Amino acid sequence: MRRTDTAAEDTGKISATTSADHRKTIDVVISTYDEERYVGRCLDEVLAQDYPAELVRVWLVDGGSQDRTVAIASERAATDGRLTVIADGRRRNLPEALNLGTRGSSNELVAKVDAHGYPERDFLSRAVDVLRRSPSDVACVGGRPEQHGDTRFGEAVALARTSHFGVGGSVYSGRTEHEFVDTVQCGVYRRAALEHVGLFDPAMAYGEDEELNWRLRQAGRRILLDTSIRFHYITRPSWRAVFRQYYRYGRARVRVCRAHHTMVRPRHLAPASFLLTFVGLAGASVFVPRARLALAVGALAYTVAALTSAVAAVGRAHGDGPAPDVVVAGGRPDEWSAMTAEVAACSKIAVCFGALHTGYGLGTLRGLLDRPRQHA
């Protein structure tokens, strides 16, 4: 890991001239929809933050869950007066829920927390400290999500989502510890900056973080990533669930880029371009022999790239502990079992890349067929 000099130096200069430290009041806003498996732990960690309890309010806004999400949240609210549960059975998307919670609150900072994961217990205190030491134009601070799986396939997805091959130049695959970035997931915002740009856009059912942070940057504010602000994200457990998630991401990406053309990056178009090329070559191969050769070469190149990236992802995982599916016998790795398990892990990660890329690519192509919506 390395620290970006520009961000670190800028922050250091400002911190010498900032006013005396004072504790900020914080509203934590959580949106839920059918999160019964995860919402309990999320609330437990939020309510157990090491930040002064009297300065924190928690707002959980449900989007029409059909499972026990609301019941679990209501049980927590009955034992902790800081938690308010807003659940009227109405179906609302993520930005609508976040806006409802934000408008119903009034504290100085607004922390967006994903119910499909959980923050470290020093999440708020570290975010406040980073904000205190940051330039006044920093509107949002956040960390890089630590990816985890609750199934073996989910563990492979966690590694795929932190690979450059999997997600391009996304903040998920970065390595720096402290830098100014385009966006962060689950950021802690200055309320004044949020209100200045009009909160989250309800038309952006997915990608709401990135779209909001783009508007903040257009307004002259900056987004700061600091990996001391830690939170955990639980990946989807199966190929189908990952494909569906990234299909929605790709479709939403088109909507975001229609609203803000300068947000388009080559990595956003790469999966759809690859799919179109692949389908075109497959069609042409019926009549053109060279197209069959090109199709075979392209498929082989993708497979090699996916497997190579998977091996690299497992190698990085070894730096932090055992890689997914590595078998340990008698306290020490059994050489044959460990090698077999690593091959299986690499294969799963390569398959995960396929789910990420085909889902996102097909979603992007589907999004191009959607009728453009009026930007909020």
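The values are calculated or read from the model by the stated rules, or taken from the named source; none is laboratory data. Quick caveat, the model's predicted, so the values are computed rather than measured. Quick reminder, even Gly has a Cβ in these numbers, built from the backbone with ideal geometry, and neighbours come from all protein chains shown. Surface accessibility is based on the protein's heavy atoms, side chains included, excluding ligands, DNA and RNA. Shrake-Rupley method; radii C 1.70, N 1.55, O 1.52, S 1.80 Å.
Out of the range 56-97, which residues are open to solvent by 10 Å² or more (accessible area, probe 1.4 Å), touching a Gly at 6+ places or on another chain (Cβ under 8 Å) and assigned to a loop (DSSP other than H, G, I, E, B)? Matches in the range 56-97: Gly89, Arg90, Arg91, Arg92, Asn93. Of the numbered criteria (1) assigned to a loop (DSSP other than H, G, I, E, B); (2) free of Cβ contacts under 8 Å to residues at least 60 places away in the same chain, the one Gln49 fails is (2). For the range 114-125, a residue qualifies if it is out of contact with any strand residue (DSSP E or B) (no Cβ under 6 Å at 6 or more places or on another chain) and surrounded by fewer than 22 Cβ atoms within 10 Å (Cβ to Cβ), and the qualifying residues are Glu120, Arg121, Asp122, Ser125. Taking the criterion of being closer than 16 Å to Val70 by Cα, in a helix (DSSP H, G or I) and open to solvent by less than 40 Å² (accessible area, probe 1.4 Å), the residues of the range 37-46 that qualify are Val39, Gly40, Cys42, Leu43. The requirement of being farther than 26 Å from Val39 by Cβ, surrounded by fewer than 17 Cβ atoms within 10 Å (Cβ to Cβ) and in contact (Cβ under 8 Å) with a residue 40 or more places away in the chain is not satisfied by Ser163.
In summary, Asp129 fulfils each of the numbered conditions (1) under 24 Å from Leu159 (Cα atoms); (2) over 18 Å from the mean Cα position of the chain (by Cα) with the single exception of condition (1). Please tell me if Asp34 is crowded, with 21+ Cβ neighbours inside 10 Å, out of contact with any strand residue (DSSP E or B) (no Cβ under 6 Å at 6 or more places or on another chain) and among the acidic types (Asp, Glu). No; evaluated as a whole, the condition is false for this residue.
Can you name the helices (runs of 4 or more DSSP H) wholly within the range 205-314 that have at least 3 residues being under 23 Å from Val138 (Cβ atoms) and open to solvent by less than 20 Å² (accessible area, probe 1.4 Å)? In the range 205-314, 208-218 are the helices (runs of 4 or more DSSP H) which contain 3 or more residues that are under 23 Å from Val138 (Cβ atoms) and open to solvent by less than 20 Å² (accessible area, probe 1.4 Å). Does at least one position in the range 146-159 carry a residue that is open to solvent by 10 Å² or more (accessible area, probe 1.4 Å), charged (D, E, K, R), assigned to a loop (DSSP other than H, G, I, E, B) and at pLDDT below 95? Among the residues of the range 146-159, at least one is open to solvent by 10 Å² or more (accessible area, probe 1.4 Å), charged (D, E, K, R), assigned to a loop (DSSP other than H, G, I, E, B) and at pLDDT below 95, which makes the answer yes. Arg222 satisfies every condition listed in (1) within 22 Å of Arg371 (Cα to Cα); (2) at pLDDT 90 or above; (3) in contact with a Phe, Trp or Tyr (Cβ under 9 Å, 6 or more places away or on another chain) except (1). Residue-level check: of (1) more than 18 Å from Phe243 (Cα to Cα); (2) in contact with a helix residue (DSSP H, G or I) (Cβ under 9 Å, 6 or more places away or on another chain); (3) at pLDDT 80 or above, Val326 misses just (3). Scanning the range 180-197 for residues that are in a strand (DSSP E or B) and modelled with pLDDT of 95 or more yields a count of 3.
To keep it simple, each residue is scored yes or no on (1) exposed (fewer than 12 other Cβ atoms within 10 Å of the Cβ); (2) part of a helix (DSSP H, G or I); (3) at pLDDT 90 or above; (4) in contact with a Gly (Cβ under 8 Å, 6 or more places away or on another chain).
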position	(1), (2), (3), (4)
Gly319	yes, yes, no, no
Pro322	no, no, no, no
Cys346	no, yes, no, no
Ala350	no, yes, yes, no
Gly359	no, yes, yes, yes
Ala376	no, no, no, yes
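Leu131 meets the conditions (1) farther than 30 Å from Gly149 by Cβ; (2) open to solvent by 40 Å² or more (accessible area, probe 1.4 Å) in every case but one. The failed one is (2). Out of all the residues in the range 98-112, is one or more among the hydrophobic types (A, V, I, L, M, F, W, C), over 17 Å from Gln185 (Cβ atoms), in contact (Cβ under 8 Å) with a residue 40 or more places away in the chain and not in a strand (DSSP E or B)? So far as the range 98-112 goes, no, none of its residues is among the hydrophobic types (A, V, I, L, M, F, W, C), over 17 Å from Gln185 (Cβ atoms), in contact (Cβ under 8 Å) with a residue 40 or more places away in the chain and not in a strand (DSSP E or B).
Exactly one residue among Ser125, Ser163, Ser136 is among the hydroxyl-bearing types (Ser, Thr, Tyr), out of contact with any Leu (no Cβ under 7 Å at 6 or more places or on another chain) and at pLDDT 95 or above, and that residue is Ser125.
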